[in-house]
1. Step by step: first the residues of the stretch 183-202, then only those that are of a type in the set (A, V, I, L, M) and open to solvent by 30 Å² or more (accessible area, probe 1.4 Å), then the one that is modelled with the lowest pLDDT. Which residue is that?
2. Give the number of residues within the stretch 1-14 that are open to solvent by 20 Å² or more (accessible area, probe 1.4 Å) and in a strand (DSSP E or B).
3. All but one of (1) surrounded by 11 or more Cβ atoms within 10 Å (Cβ to Cβ); (2) modelled with pLDDT of 75 or more; (3) within 30 Å of residue 387 (Cβ to Cβ) hold for residue 310; which doesn't?
4. From the residues in the stretch 411-425 that are in contact (Cβ under 8 Å) with a residue 40 or more places away in the chain and hydrophobic (A, V, I, L, M, F, W, C), which one is surrounded by the most Cβ atoms within 10 Å (Cβ to Cβ)?
5. Test residue 381 against the criterion of being farther than 30 Å from residue 140 by Cα and acidic (Asp, Glu), and give yes or no.
6. Cβ contacts < 7 Å: first residue touching a residue at least 24 places away in the same chain (Cβ under 8 Å) and under 16 Å from residue 199 (Cα atoms), restricted to the stretch 167-187; second residue in a loop (DSSP other than H, G, I, E, B) and open to solvent by less than 40 Å² (accessible area, probe 1.4 Å), any location; separation 6+ or different chain. Result?
7. Considering only residues that are more than 30 Å from residue 400 (Cα to Cα) and either open to solvent by less than 60 Å² (accessible area, probe 1.4 Å) or modelled with pLDDT of 90 or more (or both), which ones fall in the stretch 426-473?
8. Write out, first by first residue and then by second, each pair whose Cβ atoms fall under 7 Å of each other, whose residues are 6+ apart or on separate chains, and whose first residue, in the stretch 326-351, is at pLDDT 90 or above while the second is polar (S, T, N, Q) and part of a helix (DSSP H, G or I).
Amino acid sequence: MLRLVIEDGEGTTHVVPLIRDEITIGRQEGNTIRLTERNVSRRHARLVRAGTDGSPTVLVEDLDSYNGIRLNGDRIAGKCTMRPADLLQIGDYSLALKTEEVTDADLGSLAAAAAHEEPPPPPVDPRLPEEERGRFVVVSSNLAGNEYALDQREVIIGRTDADENDVVIAHRSISRHHAKIIHRDGTFTIIDLASSNGVKVNGEAFGTATLVNGDIIELGHVKLRFCAPGDDYVFTSADVDDVEVESGPSPWQLVFVALLLIGVAIVAYLIVDRVAHNRQAQQGVTAGQPTDKPPTPAPPTPPAAPDVQPIIDRGNAALADKSWDEARTVFDEALAKVPDHGEARSGRERAVREAANQPRFEGLEKAVADQRWSDAFSRLEEFPNDSVYAPQVQARRDEIEEGFANAELERGRLFIKAGEIENAERTQKDLAKKDFADIQAKTLAEEIEEAKRQPSTPETPVEPDGAGGAGGQAATPKPPRKPRQRTTNTGPNASFDELITQALRRMMKSDREAAIVLLKRAAKKRPNSHLPHQRLCAIYKARQQHKLALGSCKKWLELEPNASYRPAIQRNISQLQELINR
């Protein structure tokens, strides 16, 4: 019986029997196996059973996922073959194949799988802890000051009653089911549920967007301010900011226009009458008649606009210092005084944009430091050219491209050694499409051709003519040598990737003692990598060695390059501290 062993980033393991010839893995509903972390694509991978019962294998195909798939530490291109000794990585999940006989305990899982059902997940409290809750505050005049709590992990927003929606916004521009808010790893994400009037964040339309404290969200004609956990924002009348509506005039607007036209007509009549009166007065002066024309009053002086330039200067200074949160707060202060101030609005938009670019840049720098060239190259290609960090990113281009090309060449060589010529050829074709990898692509092409010329099985050695007695008959052929088993180096000269791969294999086999030794060696090889400490944290937690787990989790938090994961790590640390203090 072939099984798939799945372990998440916190060490929790699930075993899934592979009773179908083909399964799909992804984040969205409808996949055979759902992995719900954000770094798993909606349709991430396809697994197809291959080989024989005596030598089972699985063909793994990457379904154009965003973060890709790694087999034994190497990112695959297209398809590859997975064996029971291999380790597959999809996002934060590690997957391995395991062969064993079917037992009575498996019957329930098999029946559920045959019925396209998944075993029920462990119960999770849908309500968020008090310290993780956010809220929406309406800043448009139609429902000004209304607050809506974001106190659940998933919140549906719509116009109809509470039986159908978690948050009800009673306005005709809101759809029946307008948007969904999801809370994952300390981050709130908004999703447009195919609403009629759409979802905008800071003036831009989005289907899905991650929310940052202070963002302005437009749902139809209702404008709301997002308040992250801990934000003590209080609405005031100065914060009113209505949505610009492009629809036709309402009846009240038509009445207003009619009154305005009547007013214009009255003013025009008075002007004409005054001109006629002045003309008569001038004629009277000419004839020697006195006039008693009153002096024309001066027009009223409009009130002076608030001077927000000092605030704008402070915001620009914060931008120059790359203090994005401070800059956004300062520009919000200016916009509260002058809502349509162009420089303040553009400055705030830039602060929000660069606040999102900063972790991308830091992730790229971390990938280069760890020599994760595939990851670094992907980040390089996706980095926005208009960012303030773009010059520093471009300065890294030559180093990243060279590292990526050399890493792909080595990956192709590994495919050749494993006899997977098709994967090697696919890697070579991908390299040939990149101008900077011309030398590596040609080198790999030559090595592939050389491998093709080699015999697929070793030739049977034969004694030279004349050996073995008169008549020159050949000696008895020697039996062919057994193919050498592929091994992974774990000796003193083992690389960081080899140590990590072997440690994960030991974890899958429940040999946690050996995994700990390998992970500690990997941490010494690459002190700035978070991966060994992440795995050590999971192992120690599973073994209930809380103090050791706490030390590893703290080191993981210190080195974790992805800011969105840090709240979850911090929660692990808090839980461990509570267990230690009991």
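The values are calculated or read from the model by the stated rules, or taken from the named source; none is laboratory data. These figures come from a predicted structure and were not determined experimentally. We place every Cβ from the backbone using ideal geometry, glycine too, and count neighbours over all the protein chains shown. The area values use the complete protein model at the heavy-atom level, side chains included, leaving out ligands, DNA and RNA. Shrake-Rupley method; radii C 1.70, N 1.55, O 1.52, S 1.80 Å.
1. 194
2. 2
3. (1)
4. 414
5. yes
6. Taking only residues 6 or more apart or on different chains, the pairs are 171/220; 173/220; 174/220; 175/195; 178/195; 179/195.
7. The answer is 466, 467, 469, 472.
8. If the second residue must be polar (S, T, N, Q) and part of a helix (DSSP H, G or I), the pairs left are 347/316.
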